[in-house]
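Step one of this worksheet: look at the structure below.
The values are calculated or read from the model by the stated rules, or taken from the named source; none is laboratory data. Keep in mind that this is a model prediction, so the values were computed, not measured. Note that we place each Cβ from the backbone using ideal geometry, even for glycine, and neighbour counts take in every protein chain shown. Remember, those area values only see protein heavy atoms, side chains included, never the ligands or the DNA or RNA. Shrake-Rupley method; radii C 1.70, N 1.55, O 1.52, S 1.80 Å.
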Amino acid sequence: MLLEVRPGRPLRGTITVPGDKSIAHRALVFSALAEGVSCLLDMPDSEDVLATQSCLKRLGVSIIRRGGTVEVRGRGLRGLRPPKRSLDAGNSGTTARLLMGLLAGQPFAARLTGDASLRRRPMGRLAEPLRRMGARIRLLGGDRLPAQIHGADLHDIRWASPAPSAQLKSSVLLAGLLAQGKTTVTEPLPSRDHTERLLPFFGVQVARRGRTAAITGPARLRAVRWRLPGDASSAAFWVVAATIVPGSWLRLPRIGANPGRTGFLRVLRRMGAHIAGSALTGKPEPACGLLIRSAALTATTTSTKEAPGLIDEIPLLALAASQAEGTSRFQGLAELRRKESDRLSGTVRLLRLFGARARVEGGNLVVSGPARLHGARFDPRGDHRLAMTAAVAGLIAAGRTTVAGAESIAVSYPGFCAELKRFSGT
Ligand code: S3P
């Protein structure tokens, strides 16, 4: 599908973004392991989340979806059934990694695979701790999927994660739920903490100290009823769009406000963005309404320490930086190369195509602005976040912009193109 964008009207009004994808994966998996029926409201219908849902169904979990409401009949910690066919995580790294942790502790074998992009992403750094816990895992693509996972009675480990990655951390903690003893994960820098917040909500204690989280297994999970907050990473496209399209104002109700996800708001405010937030509400994940007005931006530098909290929004922040006065530096982005595509070079390719100045220096991204953008034909090579970033760029780029393969956007935000049409001149 070809998405066409032209500069159009200022963005004015209210946009309701779908429920948080990162949280939705966890809520589904924990509900599947819980005792009782969970009811999850405002669940996104992004393809990534549907991939988790269909893998869990293949493992014998009854999941009924009516619009945004999902009912999950938990099977308890050991109640999953051996799948008859391969489990397909599609494009979703979170699905694949959470399932690896889950399957490591089951008394059966399963095969896990994904699409071409997911089959290029590293899995060895997760297989290693799960093997140490007792699982037998064969990665049939070298360091990559497909994986043949022979679950086992797991034992606890103390694991120092090689990367600030919530997927790795969550997967090992998930295996820890099924293991005998206390499983401890320490990260080099803190990553998003949805797993640590949600597990206590499902009745499992998590001991947290600084960059370390520990749980004692085997654990029992209870069912929950819960409304998910809006996805901050989806909201980010509108936050940046309203900031850089002159004359805009946008209201975004009930956006997830977990500090591990809202780093982009702090960075944009530092750059001069006008972003007002209402009071925080909600547990175990806070949410708040946002009001954004367009603003003139100045350059900024983000540190390596900030990077894990910004990682999914770097392409957008780089676009914002292309409109800011001065040279911005985003440091410590090595993990960005391991996303749905090499998003570090993809971001530079995107910005340059639109006429902005950007380069990679080691693991850092350097963007100089302000640049007057011109329309471009962009191929995101299947990466949903690059596709949406290019579409937002199209709102301020003179002339016509096209984004090829825009169906990839449904991976995280199926309603994005329909919303965009309200503001684009096409
Ligand atoms: C996610 C964690 C992040 C993020 C991804 C979702 C999660 O990846 O980029 O979009 O749900 O745990 P890493 O675990 O690689 O940091």
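Of the residues making up segment 27-46, those that are buried (at least 23 other Cβ atoms within 10 Å of the Cβ) and closer than 23 Å to Gly230 by Cα number 11.
Conditions (1) of a type in the set (D, E, K, R); (2) under 14 Å from Glu340 (Cβ atoms), marked per residue:
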| position | (1), (2) |
| --- | --- |
| Val366 | no, no |
| Ala371 | no, no |
| Ala387 | no, yes |
| Ile396 | no, no |
| Thr402 | no, no |
| Ala406 | no, no |
| Phe416 | no, no |
| Lys421 | yes, no |
| Ser424 | no, no |
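Every condition in (1) surrounded by fewer than 17 Cβ atoms within 10 Å (Cβ to Cβ); (2) part of a loop (DSSP other than H, G, I, E, B); (3) of a type in the set (D, E, K, R) holds for Glu340 except the one numbered (1). For segment 166-184, residues that are buried (at least 17 other Cβ atoms within 10 Å of the Cβ) and more than 20 Å from Ile137 (Cα to Cα) total 2.
Quick grid of which residues meet (1) under 30 Å from Arg227 (Cβ atoms); (2) open to solvent by less than 10 Å² (accessible area, probe 1.4 Å); (3) β-branched (Val, Ile, Thr):
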| position | (1), (2), (3) |
| --- | --- |
| Ala296 | no, no, no |
| Thr304 | no, no, yes |
| Leu310 | yes, yes, no |
| Leu317 | yes, yes, no |
| Leu351 | no, yes, no |
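Screening segment 383-411 for residues that are in a loop (DSSP other than H, G, I, E, B) and buried (at least 18 other Cβ atoms within 10 Å of the Cβ) and picking the one that is nearest to the chain's Cα centre (by Cα) gives Asp383. The numbered conditions (1) over 14 Å from the mean Cα position of the chain (by Cα); (2) not in a loop (DSSP other than H, G, I, E, B) are all true for Pro246 except (2). Against the criterion of being open to solvent by 20 Å² or more (accessible area, probe 1.4 Å) and within 12 Å of the ligand (Cβ to nearest atom), Arg359 does not qualify.
The residues of segment 273-293 that are open to solvent by less than 30 Å² (accessible area, probe 1.4 Å) and either within 15 Å of the ligand (Cβ to nearest atom) or closer than 21 Å to Pro10 by Cα (or both), listed by number, are Ala273, Ile275, Glu285, Gly289, Leu290, Ile292.
Here the strands (runs of 3 or more DSSP E) wholly within segment 271-330 that include at least 2 residues being modelled with pLDDT of 95 or more, under 23 Å from the mean Cα position of the chain (by Cα) and closer than 23 Å to Arg352 by Cβ are 326-330.
Report yes if some residue within segment 371-382 is assigned to a helix (DSSP H, G or I) and open to solvent by less than 10 Å² (accessible area, probe 1.4 Å); otherwise report no. Checked segment 371-382: no residue is assigned to a helix (DSSP H, G or I) and open to solvent by less than 10 Å² (accessible area, probe 1.4 Å).
Looking across segment 412-421, the residues that are open to solvent by less than 10 Å² (accessible area, probe 1.4 Å) and not aromatic (Phe, Trp, Tyr) come down to Ser412, Leu420. The strands (runs of 3 or more DSSP E) falling completely within segment 142-222 that include 1 or more residues that are more than 15 Å from the ligand (Cβ to nearest atom) and among the β-branched types (Val, Ile, Thr) map to 144-150, 181-186, 212-217. Taking segment 97-141, which residues are farther than 16 Å from Leu178 by Cβ, open to solvent by 10 Å² or more (accessible area, probe 1.4 Å) and away from the ligand (no atom under 15 Å from the Cβ)? Matches in segment 97-141: Arg111, Thr113, Asp115, Ala116, Arg119, Glu128, Arg138, Leu139, Leu140, Gly141.
Quick check, is Arg125 assigned to a helix (DSSP H, G or I), in the same structural domain as Pro83 (by TED's automatic domain parsing), touching a residue at least 24 places away in the same chain (Cβ under 8 Å) and in contact with an Asp or Glu (Cβ under 9 Å, 6 or more places away or on another chain)? Answer is yes for this residue. Output yes when any residue across segment 10-18 is within 16 Å of the ligand (Cβ to nearest atom), crowded, with 24+ Cβ neighbours inside 10 Å and over 29 Å from Gly375 (Cβ atoms), and no when none is. Scanning segment 10-18, I find no residue that is within 16 Å of the ligand (Cβ to nearest atom), crowded, with 24+ Cβ neighbours inside 10 Å and over 29 Å from Gly375 (Cβ atoms), so the answer is no.
Within segment 56-96, being open to solvent by 10 Å² or more (accessible area, probe 1.4 Å), in a helix (DSSP H, G or I) and either within 16 Å of the ligand (Cβ to nearest atom) or outside the structural domain of Leu140 (by TED's automatic domain parsing) (or both) holds for one residue alone: Thr94. Can you find, within segment 190-207, the residue that is most open to solvent (accessible area, probe 1.4 Å) among those that are over 19 Å from Lys21 (Cβ atoms) and of a type outside the set (Val, Ile, Thr)? Looking at residues that are over 19 Å from Lys21 (Cβ atoms) and of a type outside the set (Val, Ile, Thr), I get Gln205.
Of the numbered criteria (1) outside the structural domain of Arg73 (by TED's automatic domain parsing); (2) within 16 Å of the ligand (Cβ to nearest atom); (3) charged (D, E, K, R), the one Arg254 fails is (2).
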